[in-house]
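The values are calculated or read from the model by the stated rules, or taken from the named source; none is laboratory data. Remember, it's a predicted structure, so these values are computed and weren't measured experimentally. Cβ: placed from backbone, ideal geometry, glycine included. Neighbour counts: every protein chain shown.
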Amino acid sequence: MVATSKPDSDNAIDIRDAAKTYKGKVQALRGIEMRVHRGEVFGLLGPNGAGKSTLVKILMTVIRPTRVEGTVLGRRVGEKSTLANVGYLPEHHKFPDYLTGGQALDYYGALAGVPRAARQKRSAELLELVGMTDWRKKKVGGYSKGMRQRLGIAQALMNDPDLVLLDEPTDGVDPVGRRDIRNVLTELKSRGKTVFVNSHLLSELEMVCDRVAILVQGVVASQGTIDELTTQDRRYDIELTDAIPPDAVARLRAVLPADVEDRLAEAKHKGLPAPEAIVLEGRTLRVATSQADDVQAVLRELLQRGAVIASVRPVRPSLEDLFMRAVTDPATGEAFKPGASRETGKKGGAQ
Amino acid sequence: MILTQTTAIFLDAYRELNAKKLFWITMLLSGLVVAFFALLGINERGVSIATYTMEIPGVNTSFVSQEGFYKTLFSSFGVGIWLTWIATILGLVSTAPLIPDFVASGSVELTLSKPISRARIFLTKLLTGLLFMALQVSVFTGASFLVIGLRAGVWELGLFWAIPIVVAFFSYLYCVCALVGLLTRSTIAALLVTILFWFFLFLLNAGDGALLAIKTQAEVEAERGSARVERMVQGTSRELVALRRSQLPEDERETAEIPEPTLEEIEAGNLRITQTREEVARNERLARSLAPWHRGVLIAKTALPKTSETTEFLNRVLISQAELDQAMDNQAKAIQERMSERDTGAEAEAQRRTQQAVRDRSTFWVLGTSLTFVFVVTAFATWRFTRRDF
């Protein structure tokens with residue numbers, strides 16, 4: 001492990017070149033660069049085997065990285081003392097069945113170094129927060145999956161951490177529970193905590209995350225706010241009552257402001273997927289811009305040509321669209337096979 | 001913070017063992033064994049169980065004092081059988097899941113993500129297993145101390161040596177159990193390998209004991225045979241001289257110089273000399289041929305824990321050399337009643353020398369090298385735990 005870095009007050013997590021190769025030369029991570037700002041809710045997405053849990057486990061010292069540089073809460077990655085200020089909910093976590101909910105919180109709170117008096121007060125508050133007060137004295141062995149998950153979240157908060165890493169927090173939780181967990185995340189954010197969520201449930205993340213990163217086969221495919229990530233894919237769909245001839249599209253492209261084409265060319269130049277400026281699909285014209293002003297010239301041109309416009313609507317891709325695009329092999333148009341290693345791929349990701 | 005974390009790990013281990021019920025079952029069985037001790041006694045006729053007396057030759061207050069009886073009972077039965085066999089098996093069954101459960105997927109991440117070093121977590125967890133055994137032995141020894149004090153009027157503080165000795169004994173097996181539990185994450189595999197390892201140690205000890213006993217017996221037989229040959233040579237020589245003198249005319253018998261018979265003449269005069277010489281040579285050959293095997297076993301034992309010697313160590317503390325000699329004499333007398341005089345002497349001497357040889361093994365060799373084994377295995381397990389990905 002290589003790493004020393006000066007404390008960075010802006011970033012709760014600031015890592016570069018994080019790599020992990022397991023036995024059998026399985027490359028789980030192949031040079032991750034990622035920054036999580038203090039006080040934000042950050043979502044980590046990716047298909048199975050993308051390396052999400054490996055990355056979280058490296059940050060929590062559960063797995064030793066092949067190499068990593070950077071800091072967590074301003075201290076070198078892997079430094080145990082940092083964990084006093086970090087909360088963690090592992091995926092598929094398992095509490096000892098012989099403990100009651102209250103005992104489990106007390107035990108893990110004590111391991112986090114929380115004094116006895118503080119543990120008692122904190123466990124009561126947290127059980128209340130996750131709606132488990134009535135189950136405090138019941139053995140964990142009798143808990144449902146969702147209840148264990150709620151207890152797990154309470155456990156992760158026992159030391160009142162500055163940074164909370166939650167690996168699949170809504171796994172096995174019913175819709176009401178998921179809403180409750182979302183509320184907890186929002187509450188944490190409002191208290192200035194940094195939350196790092198690793199999840200498959202894209203709609204959940206979309207509702208709470210300030211920024212996301214998409215991990216595919218051990219590399220960051222894209223990273224940023226949802227707005228930033230969707231800018232390239234935003235468009236206006238213009239639906240016409242009758243079809244127009246295909247050659248009309250060239251004329252329409254000509255009336256588009258030049259900066260639209262420039263933006264798309266720049267994206268292509270950066271290797272990012274960028275659509276054509278205007279595409280005709282049946283009776284629908286798709287204009288690759290997020291600016292209403294840019295569409296006005298196209299609309300005028302269409303009206304001058306006598307076209308009848310049925311509707312104009314802005315389209316913003318969902319997180320799922322982004323995700324699907326990231327996990328789809330552009331060469332084959334099919335999703336990458338689950339698994340960690342891939343022969344070629346991008347390294348790192350945009351900030 | 002360290003105290004808070006360590007206390008939490010100990011408390012959790014107690015809860016885990018408590019949940020398994022075996023902790024209390026072992027405690028209850030220990031109580032029953034001590035209660036059995038309290039019922040046993042020794043009087044001038046034999047061994048008493050409550051009000052019933054069982055007459056056993058050589059086991060009564062004429063041969064063994066009440067103090068010696070109870071101390072031997074505690075050391076041989078209480079420690080030798082109960083603590084180092086039955087309670088150890090129960091202890092292993094109880095504590096074997098501690099490490100595999102701890103490193104189980106989904107459980108270990110919760111602990112490793114806390115601000116506590118891996119080495120400290122692992123060593124503290126190991127310590128909880130040893131504390132389980134220490135607690136069991138302490139309760140058993142404390143109760144035995146009271147029973148022996150009340151029944152025999154002897155308040156023998158030396159009994160408490162059983163606590164470190166049995167814990168050391170347990171640690172020989174427990175470190176292997178913990179290592180296998182860590183490597184395989186399987187309680188069954190950990191228990192199975194530990195029992196096999198224990199069986200291997202048992203075989204090694206049995207081999208050591210058998211080789212030592214046969215070798216010593218052969219040496220004693222050879223020594224005694226040589227002495228017998230010497231005596232027979234001298235006796236036969238005298239007889240031959242007397243015979244030759246008797247064959248001289250009566251007036252020369254007193255004054256004549258009779259030459260000493262040659263060895264050939266003596267051997268021709270007593271065929272048992274040659275037979276005994278052959279026996280001596282056979283025994284010497286046997287002792288010589290066994291010596292390298294025994295050395296090999298001892299070298300192997302040096303690198304491994306010495307379970308039987310560790311238990312025997314308590315006898316050294318509790319039973320003095322004089323008491324042991326007395327017991328050996330009593331045993332010799334008992335054997336004498338059953339066997340011929342010649343066999344008795346050699347067997348008793350061989351047994352005495354064998355016991356002495358075992359007793360003469362140094363504390364460092366017995367405990368030092370065994371604990372070195374524990375240290376090496378524990379260090380390897382800890383290193384493995386600190387380097388492993390979970």
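If I filter region B:15-26 down to residues being assigned to a helix (DSSP H, G or I), touching a residue at least 24 places away in the same chain (Cβ under 8 Å) and not acidic (Asp, Glu), which single residue comes out as nearest to the other protein chains (Cβ to nearest Cβ)? Of everything passing the filter in region B:15-26, B:Leu17 is nearest to the other protein chains (Cβ to nearest Cβ).
Take the residues in region B:211-267 that are of a type in the set (Ser, Thr, Tyr) and not in a helix (DSSP H, G or I), then tell me which one is nearest to B:Arg353 (Cα to Cα). Restricting to residues being of a type in the set (Ser, Thr, Tyr) and not in a helix (DSSP H, G or I), the top hit is B:Thr262.
Listed here are the helices (runs of 4 or more DSSP H) enclosed by region A:238-306 that have at least 1 residues being acidic (Asp, Glu) and modelled with pLDDT of 85 or more: A:258-269, A:292-304.
Residues are listed down the side, and each one gets a yes or a no for (1) surrounded by 19 or more Cβ atoms within 10 Å (Cβ to Cβ); (2) away from chain B (no Cβ under 11 Å); (3) more than 22 Å from A:Glu206 (Cβ to Cβ); (4) at pLDDT below 95:
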{"residue": "A:Lys23", "(1), (2), (3), (4)": "no, no, yes, yes"}
{"residue": "A:Ala28", "(1), (2), (3), (4)": "yes, no, yes, yes"}
{"residue": "A:Phe42", "(1), (2), (3), (4)": "yes, yes, no, no"}
{"residue": "A:Leu45", "(1), (2), (3), (4)": "yes, yes, no, yes"}
{"residue": "A:Ala50", "(1), (2), (3), (4)": "yes, yes, no, yes"}
{"residue": "A:Ser53", "(1), (2), (3), (4)": "yes, no, no, yes"}
{"residue": "A:Ile58", "(1), (2), (3), (4)": "yes, no, yes, no"}
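The residue that is surrounded by the fewest Cβ atoms within 10 Å (Cβ to Cβ), among those in region B:343-371 that are hydroxyl-bearing (Ser, Thr, Tyr) and touching a residue at least 24 places away in the same chain (Cβ under 8 Å), is B:Thr363. When residues in region A:81-138 are screened for being touching a residue at least 24 places away in the same chain (Cβ under 8 Å), within 14 Å of chain B (Cβ to nearest Cβ), surrounded by fewer than 17 Cβ atoms within 10 Å (Cβ to Cβ) and within 31 Å of the chain's Cα centre (by Cα), 1 of them pass. Is it the case that A:Ser203 is polar (S, T, N, Q), touching a Gly at 6+ places or on another chain (Cβ under 9 Å) and surrounded by fewer than 15 Cβ atoms within 10 Å (Cβ to Cβ)? No, not satisfied. Restricting attention to region B:121-135 and to residues that are farther than 16 Å from B:Val377 by Cα and within 14 Å of another protein chain (Cβ to nearest Cβ), the residue that is nearest to the chain's Cα centre (by Cα) turns out to be B:Thr128. Restricting attention to region B:1-14, the residues that are hydrophobic (A, V, I, L, M, F, W, C), crowded, with 16+ Cβ neighbours inside 10 Å and facing another protein chain (nearest Cβ under 9 Å) total 2.
Taken over region B:352-390, residues that are assigned to a helix (DSSP H, G or I), within 14 Å of chain A (Cβ to nearest Cβ) and of a type outside the set (D, E, K, R) amount to 3.
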